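The structure appears right after this line, and notes come after that.
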Amino acid sequence: MKSYNIILASSSPRRIDMLRKEGINPIIIKPEVDENIQIQMNMEDTVMFLALKKALSVEITLLNKTISNNSVIIGADTIVYSDRIIGKPETKEDAFDVLSKLNGKSHLVVTGVALIEPFSDRRKVFFEITKVYFKKYFESDILTYINTDEPYDKAGGYAIQGAWGKYIDHIEGDFENVIGFPLNRIKEEISNF
């Protein structure tokens, strides 16, 4: 992966940090896309559709730019699923409702990833699912947490690697998928590119 020029179609601090910890300094281009879905899709198709939409949006912005031949655009989208798709809470009330609903239960973290070699037919789109089990917690725990900056701009309203980590009982699947995206799977798919 280090031999590629990585273009990240995201401004997510978690995804950027994950790549930098791997010694990769990505070119960061925030995609300008509408993330509203107009048709009914299952959770896997939803995240893959949005990941591809983001990657293609960035490819279009590169049309008049010079980029190296060994470039790969990475687009990603993550949702939390528990009976329905749960996005990023925008208010304290949203965050409280989401964390109350997930209390003592399991949910799925689903990430779609799109890998695109710009201006070629080489594309790979896939998804990764991790099952996360929450411990039981009190309303006061939620109230304390939602008064921090951490729950916002995160699908499901929590950061597994942050203060909320103490309420995680266990997970089944890729831990990094819950943080930002499935980096090991991305590296594997790029090496097969």
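The values are calculated or read from the model by the stated rules, or taken from the named source; none is laboratory data. Keep in mind the model is a prediction, meaning the values are calculated, not measured. Glycine gets a Cβ as well: all are built from the backbone with ideal geometry, and neighbour counts include every protein chain shown.
A compact table of results
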read-out: Options I16, I37, I6; residue that is part of a loop (DSSP other than H, G, I, E, B), hydrophobic (A, V, I, L, M, F, W, C), surrounded by 11 or more Cβ atoms within 10 Å (Cβ to Cβ) and under 19 Å from the mean Cα position of the chain (by Cα); value: I37
read-out: So K135, is it farther than 22 Å from R14 by Cα, basic (K, R) and touching a helix residue (DSSP H, G or I) at 6+ places or on another chain (Cβ under 8 Å); value: yes
read-out: Candidate set from the range 100-151 (those that are farther than 30 Å from N5 by Cβ and touching a residue at least 60 places away in the same chain (Cβ under 8 Å)); member that is surrounded by the fewest Cβ atoms within 10 Å (Cβ to Cβ); value: L108
read-out: For I60: the one exception among (1) in a helix (DSSP H, G or I); (2) of a type in the set (A, V, I, L, M); (3) crowded, with 19+ Cβ neighbours inside 10 Å; value: (3)
read-out: Members of the range 161-179 found to be under 11 Å from V109 (Cα atoms) and either buried (at least 19 other Cβ atoms within 10 Å of the Cβ) or at pLDDT below 95 (or both), listed by number; value: E176, N177, V178, I179
read-out: Meets criteria (of a type in the set (A, V, I, L, M, F, W, C), part of a strand (DSSP E or B) and crowded, with 17+ Cβ neighbours inside 10 Å) for A76; value: yes
read-out: Pick from the range 180-193, criterion of a type outside the set (A, V, I, L, M, F, W, C) and surrounded by fewer than 18 Cβ atoms within 10 Å (Cβ to Cβ), ranking: modelled with the lowest pLDDT; value: N192
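Residues checked against (1) closer than 18 Å to V178 by Cα; (2) of a type in the set (F, W, Y); (3) not in a loop (DSSP other than H, G, I, E, B):
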site	(1), (2), (3)
P89	yes, no, no
D94	no, no, yes
S100	no, no, yes
G104	yes, no, no
D121	no, no, no
I129	yes, no, yes
Y133	yes, yes, yes
